[in-house]
Amino acid sequence: QVQLVESGGGLVQAGGSLRLSCAASGSIASINTMGWYRQAPGKQRELVARITSGGNTNYADSVKGRFTISRDNAKTTVYLQMNSLKPEDTAVYYCTLAVIARTYWGQGTQVTVSA
């Protein structure tokens, strides 16, 4: 079983920064993709960014140039550095770990950006 524990959410003013962390534990395949999704009230969950175990990344257009995803493979931890935050970034952010045939989800962490 795989567990994902997120941390780093909170309240920040527009233009500020936050760093999210997610630590994975359990039986984890060496080839995997870790990522972040978010869901704002009344909206569908959407991909924010993801990174493969080989270091390849992709981002939602709305966060390109502002957010950076990185990972520490030794610790199976993924980070999301969020800069120049906007009120529209307010959402619950979920960490994911995807392996063949299955995606694991964290419990979510709230990010609130005030105008």
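So the values come out like this:
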| quantity | calculated |
| --- | --- |
| Leading residue by the ranking (most open to solvent (accessible area, probe 1.4 Å)) among those in the range 49-67 that are closer than 19 Å to ALA24 by Cβ and either aliphatic (A, V, I, L, M) or part of a strand (DSSP E or B) (or both) | ARG50 |
| Residue pairs meeting the criteria (Cβ under 7 Å; at least 6 apart or on separate chains; first more than 20 Å from GLY16 (Cβ to Cβ) and part of a strand (DSSP E or B), in the range 96-115; second among the basic types (Lys, Arg) and open to solvent by less than 20 Å² (accessible area, probe 1.4 Å)) | none |
| Of residues in the range 68-98 being hydroxyl-bearing (Ser, Thr, Tyr) and open to solvent by less than 30 Å² (accessible area, probe 1.4 Å), the one modelled with the lowest pLDDT | THR76 |
| Subset of the range 21-45 that is over 18 Å from LEU97 (Cβ atoms) and open to solvent by 40 Å² or more (accessible area, probe 1.4 Å) - its residue that is farthest from the chain's Cα centre (by Cα) | GLY42 |
| Residue that is nearest to TYR93 (Cα to Cα) [pool: residues in the range 26-48 that are hydrophobic (A, V, I, L, M, F, W, C) and part of a strand (DSSP E or B)] | TRP36 |
| Residue ID - nearest to THR68 (Cα to Cα), chosen from residues in the range 1-20 that are more than 12 Å from the chain's Cα centre (by Cα) and open to solvent by 30 Å² or more (accessible area, probe 1.4 Å) | SER17 |
| Residues of the range 99-115 satisfying the condition of being open to solvent by less than 70 Å² (accessible area, probe 1.4 Å), of a type outside the set (Ser, Thr, Tyr) and either modelled with pLDDT of 95 or more or closer than 13 Å to GLN39 by Cα (or both) | GLY106, GLY108, VAL111, VAL113 |
| Pair list, Cβ under 9 Å, 6 or more apart: the range 1-25 residue farther than 20 Å from ASP72 by Cβ and assigned to a strand (DSSP E or B), other residue of a type in the set (S, T, N, Q) and open to solvent by 60 Å² or more (accessible area, probe 1.4 Å) | GLY10/GLN110; LEU11/GLN110 |
| Yes/no for SER62 being under 16 Å from TYR104 (Cα atoms) and of a type in the set (S, T, N, Q) | no |
| Residue count for the range 70-95, restricted to those that are in contact with a Gly (Cβ under 6 Å, 6 or more places away or on another chain) and assigned to a strand (DSSP E or B) | 3 |
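The values are calculated or read from the model by the stated rules, or taken from the named source; none is laboratory data. Predicted model only: the values in this text are computed from it and were never measured. Cβ: placed from backbone, ideal geometry, glycine included. Neighbour counts: every protein chain shown. Ligands, DNA and RNA are stripped out before the accessible areas are found, and what is left, the full protein with its side chains, is counted by its heavy atoms. Shrake-Rupley method; radii C 1.70, N 1.55, O 1.52, S 1.80 Å.
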